[in-house]
Amino acid sequence: MAVTNDPDPKLAEYAHPERLVTTSWLADHLEDPGLVVVESDEDVLLYDTGHIPGAVKVDWHTELNDPVTRDYVDGTRFAEIMSERGIGRDTTIVVYGDRNNWWAAYALWVFSLFGHADVRLLDGGRSKWVAEGREMVTDTPTPARADYPVVERDDAGIRAFKEDVLDHLGLVSSGGGALVDVRSLPEYTGEKLHMPDYPQEGAVRGGHIPGAASVPWARAAAEDGSFKSRAELAAIYEQEQGLAPSDDVVAYCRIGERSSHTWFVLTYLLGFDRVRNYDGSWTEWGNAVRVPIAQGEERG
Amino acid sequence: MSLPPALAELVDDFAALGPKDRLQLLLELSRELPELPDRYADAADSMEQVHECQSPLFLAVEVAEGGDRPVHLFFSAPPEAPTTRGFASIMHTGLDGQPADAVLAVPDDFYTDLGLAEAVSPLRLRGIAAMLARIKRQVRAATG
């Protein structure tokens, strides 16, 4: 049985309102057959301190990443992760997490690499649910095992590799494509300092990919952690930064998590046609030999 | 190089468990992190921020005068950061009250023996390494 969409008027303004649910909608639909709530956090212990009733946990780092190669899990492992949580191919998944859904958006993006059809974000994430005083429980659910099929991951549509970004640079300079750097401004300019004894996360060069617009990811979030309205988002990405929905866009950050959040905003809230997340991001680009880098506040 | 007894005991406790139970132990430790005393409670700016932790963590180190210069540690991290609180609690349980020399003698990579890399991820473990480095730096500054 198909799970309904949230008819909330704020969501209705977005290009793909079916990709979001509000906290009040979720509170009313927790018992819906065919719906599974997934928590995915930066903090690996946070779920265990309390979570939305019935929610299962997926850890982005220890479960969605391949333990050896720097890549995501394969179809067999993914099917196992989903099946043991009672998620089938037709299940409606609602993902939420800490830090403005930063890691939840990352999990949603990985689920999308496997072509899972109906996966939604909880607008405002964990912090909004908690702030509203909604029910939290500590007992871990024991879902009946599902039979998720082994589906090969398809990276072509929404994932960019370093070679893709190099190919993309010409399109960016000719105005037909765009790059969005979603890190903080000091990371973008390359000014972020390394203190003695305290290595940052090993990039040997600071700066950004030439042509990239600087739009820190959190600018898409409102005070309460929910997404800003469509008009506010359009004012930032389209009017201020000059991006167009028909642009071919690549977003990146440090390891690909924050840029998943921006990928979600551009794709589902503003309806951009083609947005890819470059998950190699700065930990790859800032260490790669002979790739071009720009420093300072200019796009370069 | 040897660990102070309380820290050695914690490392043994972790090493004896499987990955899932290690997370549970870390969760228990996160609940046991002591509240800040009044003199720090409203004075976060007098504490040092550990930027390498993925959540805000503030640290204060006091080295007593006289004797073997025992070290006292104070931490502040929000409840929505249980992993960071758990790491802080390991440092507190293992090192609070230890002589300065013993704190400085803790191997910088002692945390690898906790066996948390698999359960927590190596990236998240950076926070605990940074905490120890900053504690040692402050102890060195106070005793040097």
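The values are calculated or read from the model by the stated rules, or taken from the named source; none is laboratory data. Computed from a predicted structure; not experimentally measured. Using ideal geometry, Cβ is built from the backbone for each residue, glycine included, and neighbour counts are taken over all protein chains shown.
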Within segment B:105-121, the residues that are away from every other protein chain (no Cβ under 12 Å), more than 23 Å from A:T62 (Cα to Cα) and either exposed (fewer than 15 other Cβ atoms within 10 Å of the Cβ) or of a type in the set (S, T, N, Q) (or both) are B:A105, B:P107
Which number in (1) away from every other protein chain (no Cβ under 14 Å); (2) closer than 30 Å to B:E28 by Cα marks the one condition that A:G34 misses? (2)
Which residue is surrounded by the most Cβ atoms within 10 Å (Cβ to Cβ), if the candidates are limited to segment B:127-144 and must be away from chain A (no Cβ under 14 Å) and not β-branched (V, I, T)? B:A142
Which listed residue, of B:L33, B:L10, B:L27, is in a loop (DSSP other than H, G, I, E, B) and at pLDDT 95 or above: B:L33
Test: A:W60 is over 21 Å from A:E18 (Cα atoms) and touching a residue at least 60 places away in the same chain (Cβ under 8 Å): yes
Those residues that are touching a strand residue (DSSP E or B) at 6+ places or on another chain (Cβ under 8 Å) and at negative phi, I need them from segment B:90-133; list them, please. B:M91, B:H92, B:L95, B:D96, B:Q98, B:P99, B:A100, B:V103, B:A130, B:M131, B:A133
Assess whether A:A117 counts as being hydrophobic (A, V, I, L, M, F, W, C), surrounded by 24 or more Cβ atoms within 10 Å (Cβ to Cβ) and more than 16 Å from A:G54 (Cα to Cα). no
Matching residues in segment A:37-49 (more than 10 Å from chain B (Cβ to nearest Cβ) and either of a type in the set (K, R) or out of contact with any His (no Cβ under 8 Å at 6 or more places or on another chain) (or both)) number 3
Of A:L122, A:L171, which residue is of a type outside the set (D, E, K, R), away from chain B (no Cβ under 14 Å) and under 16 Å from the mean Cα position of the chain (by Cα)? A:L122
Quick one: is A:G157 exposed (fewer than 13 other Cβ atoms within 10 Å of the Cβ) and at pLDDT 90 or above? yes
Do the conditions hold for B:R124, that is, is it at the interface with chain A (Cβ under 10 Å from one of its Cβ atoms) and over 15 Å from B:V63 (Cβ atoms)? yes
Got a number for residues in segment A:219-241 being closer than 16 Å to A:T267 by Cα, in contact (Cβ under 8 Å) with a residue 60 or more places away in the chain and not polar (S, T, N, Q)? 4
Tell me yes or no: at least one residue of segment A:140-148 is farther than 30 Å from A:L35 by Cβ and surrounded by 14 or more Cβ atoms within 10 Å (Cβ to Cβ). no
Test B:E28 against the criterion of being touching a residue at least 24 places away in the same chain (Cβ under 8 Å) and within 14 Å of chain A (Cβ to nearest Cβ), and give yes or no. no
Take segment B:31-42 and flag every residue that is touching a residue at least 40 places away in the same chain (Cβ under 8 Å) and more than 14 Å from every other protein chain (Cβ to nearest Cβ). B:P34, B:L36
What about A:Y96, is it in contact (Cβ under 8 Å) with a residue 40 or more places away in the chain, of a type in the set (S, T, Y), farther than 21 Å from A:A27 by Cα and within 14 Å of chain B (Cβ to nearest Cβ)? no
Determine whether segment A:130-138 contains at least one residue that is assigned to a loop (DSSP other than H, G, I, E, B), surrounded by fewer than 17 Cβ atoms within 10 Å (Cβ to Cβ), on the phi > 0 side of the Ramachandran plot and not aromatic (F, W, Y). yes
Can you tell which of A:R276, A:R254, A:R299 is crowded, with 22+ Cβ neighbours inside 10 Å, among the charged types (D, E, K, R) and either out of contact with any His (no Cβ under 7 Å at 6 or more places or on another chain) or in a helix (DSSP H, G or I) (or both)? A:R276
Can you tell me which residues in segment B:43-84 are within 14 Å of chain A (Cβ to nearest Cβ), among the aliphatic types (A, V, I, L, M) and either free of Cβ contacts under 8 Å to residues at least 12 places away in the same chain or more than 13 Å from B:R134 (Cα to Cα) (or both)? B:A77, B:A81
